[in-house]
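Undergrad: Supplied in structure tokens, the structure appears directly below.
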Amino acid sequence: MSKKAAEATYRPKGYGISPSLARARAPFRAQNAITGLTLFGFAVSVWAYSIHAVKQDNFDDVDFEALNTSVEEKAKRISLEDEAKAKMPKSPSADTLPTPAGAASSTPIDTAKPSSGGGWYSWAWGSK
């Protein structure tokens with residue numbers, strides 16, 4: 001019997017299962033069922049524990065004063081990140097540096113745009 005003929009009897013065309021494939025899978029049915037039930041039980045137990053743990057929290061530690069503040073009051077507050085930025089010394093940028101004596105122009109030249117049309121992609125990849 002050729003390999004092709006053997007495969008045709010083991011895996012028939014269509015959605016059915018051949019008798020030989022059913023016999024080959026039979027010894028593993030119980031093991032597969034136990035593994036599936038174990039995984040399903042683990043997933044359900046994790047879900048149940050999560051729901052139980054959240055139900056126990058009474059949210060007494062929530063700051064109700066913070067919940068009742070208006071948007072204007074929240075906007076007036078300074079965040080820790082903004083305070084840290086304010087304390088950091090500013091580094092000089094191109095706008096704040098002095099212009100050299102022989103410089104032709106103090107306005108920056110935009111080199112990121114192509115001189116003629118075609119969009120940014122034609123400039124980036126060199127196509128026309």
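We did not get these values from a lab; they are worked out from the coordinates using the rules stated. All values derive from a computational prediction rather than experimental measurement. Don't worry about glycine lacking a Cβ; one is built from the backbone with ideal geometry, like all the others, and counts go over all protein chains shown.
Undergrad: Computed FRET efficiency, Cβ-Cβ of Lys4 and Trp47, R0 35 Å: what is it to the nearest 0.05?
TA: Numbers: r = 48 Å, r/R0 = 1.36.
Calculated value: 0.15.
Undergrad: What is the spin-label model distance, in nm, from Val54 to Lys76 if the labels are put 7 Å beyond Cα along the C-beta direction?
TA: 3.6
Undergrad: How long is the gain from Asp63 to Lys13 if the chain were fully straight, where each residue apart is worth 0.36 nm and the alpha carbon distance is subtracted?
TA: Working: separation 50, 0.36 × 50 = 18.00 nm, distance 6.53 nm.
Stretched fully, the Asp63-Lys13 segment lengthens by 11.5 nm.
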